[in-house]
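The following block contains the structure, expressed as structure tokens.
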Amino acid sequence: MRRIASVLLLAGAAALLAACAHAPTAGKIAAAPFTLHEPMPGLFTSGQPAADEWARLHRRQGVRTVINLRLPQELPGRDEAAEVRAAGMTYIEIPVAGSREIDEANARRLHDALAAATGPVLIHCASGNRVGGLLALDQARFDHLDAQAAIELGRAAGMTGSEAHVKEVL
């Protein structure tokens, strides 16, 4: 009887492990040459995608709107708006010049852009740091997420160096 129970237990554990191996990926999604995060369902964040990544993001992740937090002078020689539109997606710019501009006004702009978007959205900057910081502030201020949960969401979205500033603002 013990042997049957052990076999059934092992079979159940194996089935659970197999199911987990095929479960949808949450968190980081490998997408060379940058890392794509999915801190919330249908909301992707990243550093700077290459010019040839837009169509792939649209096709594989279903991204319909791209929100760029970089300043225009950060992408010399590229017309990112044209690249994104050519891939069939909506393009929005919210220029954020580093941690000091992770503020309530830019968080409101991000909140409004996300509210107007239909389908999956990608928010990016150079590394994901501004994205995570601004998203944390947006969620705390306008979606009433508590400060600690907002910081954790910001980290999941790529926030690194702006965390101290975001905590101060929150």
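Put 127, 46, 99 in order of accessible area, largest first, 1.4 Å probe: what do you get? Spell out each step's value before the answer.
On the way: 127 80, 46 0, 99 35 Å².
Result, largest first: 127, 99, 46.
Give me the Debye-computed log₁₀ of I(q)/I(0) at q = 0.25 Å⁻¹ for the stretch 62-118, equal point scatterers on Cα only, no solvent, two decimals.
For the stretch 62-118 at q = 0.25 Å⁻¹, log10 I(q)/I(0) is -1.06.
To the nearest 20 debye, what is the magnitude of the charge dipole of the stretch 52-135 about its Cα centre, counting +1 on the Cβ of each Lys and Arg and -1 on the Cβ of each Asp and Glu?
Values: 11 positive and 11 negative charges, 55 e Å.
Dipole size: approximately 260 debye.
Sorting check: for 35-45, 52-62, which peptide has the highest mean count of neighbouring beta carbons within 10 Å, and how do the rest follow?
On the way: 35-45: 19.5, 52-62: 15.6.
Ranked by mean Cβ neighbours within 10 Å, highest first: 35-45, 52-62.
Cβ under 13 Å from residue 163's Cβ, residue 163 left aside: what net charge do those residues give with Lys, Arg +1 and Asp, Glu -1?
Working: positive: 130, 155, 167; negative: 152, 168.
It works out to a net charge of +1.
Apply the Karplus parameterisation 6.51 cos²θ - 1.76 cosθ + 1.60, with θ equal to phi minus 60°, to every residue of the stretch 115-131 and state each ³J(HN,Hα) to the nearest whole Hz, in sequence, with x for glycine and proline.
Working through the residues one at a time gives 5, 7, 6, 10, x, x, 10, 10, 10, 9, 9, 6, 10, x, 5, 5, 4 Hz.
Carbon and sulfur: what percent of the stretch 31-170's accessible surface (1.4 Å probe)?
50 percent
Convert each backbone phi in the stretch 137-144 into a coupling constant with the Karplus relation 6.51 cos²θ - 1.76 cosθ + 1.60 (shift: θ = phi - 60°), then list the ³J(HN,Hα) values in order as whole Hz, x for Gly and Pro.
These are the phi-based 3J(HN,Hα) values: 5, 4, 5, 6, 6, 10, 10, 6 Hz.
Give, as a single signed number, the net charge of other residues whose beta carbon lies under 12 Å from the beta carbon of residue 55, with Lys and Arg counted +1 and Asp and Glu -1.
On the way: positive: 56, 59, 60, 85; negative: 52, 53, 83.
Residues near residue 55 contribute +1 overall.
What is the dipole size for the stretch 27-170, taken about its Cα centre, with +1 at each Lys and Arg Cβ and -1 at each Asp and Glu Cβ, in debye to the nearest 20? Don't skip to the answer; put the middle values down first.
On the way: 15 positive and 18 negative charges, 68 e Å.
My answer is approximately 320 debye.
The values are calculated or read from the model by the stated rules, or taken from the named source; none is laboratory data. Quantities reported herein were computed from a predicted structural model and do not represent experimental measurements. Positions of Cβ are generated from backbone atoms using ideal geometry, with glycine treated the same way; all protein chains shown enter the neighbour counts. Note: areas computed on protein heavy atoms with side chains; ligands, DNA, RNA excluded. Shrake-Rupley method; radii C 1.70, N 1.55, O 1.52, S 1.80 Å.
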